[in-house]
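No value in this document is a laboratory result; all are computed from the given coordinates. The structure presented is a predicted model; accordingly, all values stated were derived computationally and were not measured.
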Amino acid sequence: EDGDGYTKFTQIVMILKQVAKKHPDFKIYVTGHSLGGALTQLLAFALAGSKESADLPKPIIAVSYASPRVGNKGYLEKYKQLEKEGLLRHIRVSNQGDIVTVSPSMGFYQTGLNIHVAEGKEVEIGYCKDRSLMSQLNTNALGNHGLPTYHGRLFISRNTTAISMDIEELYKKYT
């Protein structure tokens with residue numbers, strides 16, 4: 001809480017409401033990498049599902065890179081419900097060989113529409129697609145977690161069609 005008794009979440013919502021008054025057509029995007037990707041999922045979930053933020057523009061759009069798993073089965077089901085209601089959209093980019101994206105491995109789940117990149121391959125896209133820890137083990141974990149590797153594997157000519165689609169097109173095609 002700040003000195004006025006407002007939580008950080010309430011402060012964020014208040015600022016977003018001020019922006020919405022000045023710019024009624026704006027959209028809310030939340031993005032992050034690694035721990036920032038986990039926080040992206042949590043903030044987007046809260047903004048999409050909170051009564052406090054009910055009058056903010058929807059859907060809340062989350063784009064996360066290299067995010068660890070953040071929620072249990074109940075969280076996953078509520079996340080899916082918010083997506084189904086059109087209140088939330090989440091593009092989650094994961095990289096082959098990045099063990100952060102499958103951690104923690106027990107009792108936690110990935111959310112959103114996954115765009116999975118791998119060296120020399122076209123992206124794989126799937127809804128709530130999760131991978132096992134064993135499938136991600138490798139000797140270059142740090143190199144596979146960095147944004148330069150993600151960028152180099154995502155923004156290549158063979159992926160032009162997929163990365164040219166807007167979020168609603170991706171959701172319509174893959175969910």
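For the range 62-77, 3J(HN,Hα) computed residue by residue from phi via the Karplus equation (6.51, -1.76, 1.60; θ = phi - 60°) reads 10, 10, 10, 10, 6, 7, x, 5, 10, x, 7, 4, x, 4, 4, 5 Hz, glycine and proline entered as x.
Taking amide H positions as modeled 1.01 Å from N, with prolines and chain starts lacking one, the residues under 5 Å from Ala62 and 5 or more places away or on another chain are Val30, Arg89, His90, Ile91.
With mean projected area of the Cα convex hull in nm² defined as stated, name the option among (i) 14.6; (ii) 12.2; (iii) 11.3 computed from the structure displayed. The calculated read-out lines up with (iii). Cα centroid separation, the range 147-175 to the range 1-72: 23 Å. Residues whose amide H comes within less than 5 Å of that of His33, counting only those at least five positions distant or on another chain, are Tyr65 (H built at 1.01 Å from N in the peptide plane). The amide H of Gly146, built 1.01 Å from its N in the peptide plane, has no neighbour under 5 Å, considering only residues 5 or more places off or on other chains. The string of couplings for the range 29-45 from the Karplus curve (6.51, -1.76, 1.60, θ = phi - 60°) is 10, 10, 9, x, 10, 6, 4, x, x, 5, 5, 4, 4, 5, 5, 4, 4 Hz, one whole number per residue in order, with x for Gly and Pro. Listed by chain and number, the lysines whose alpha-carbon sits under 28 Å from that of Lys173, ignoring those within fewer than 8 places in the same chain, are Lys27, Lys58, Lys73, Lys78, Lys80, Lys84, Lys121, Lys129. Between Gln11 and Leu35, residue separation times 0.36 nm minus the direct Cα-Cα distance comes to 6.5 nm.
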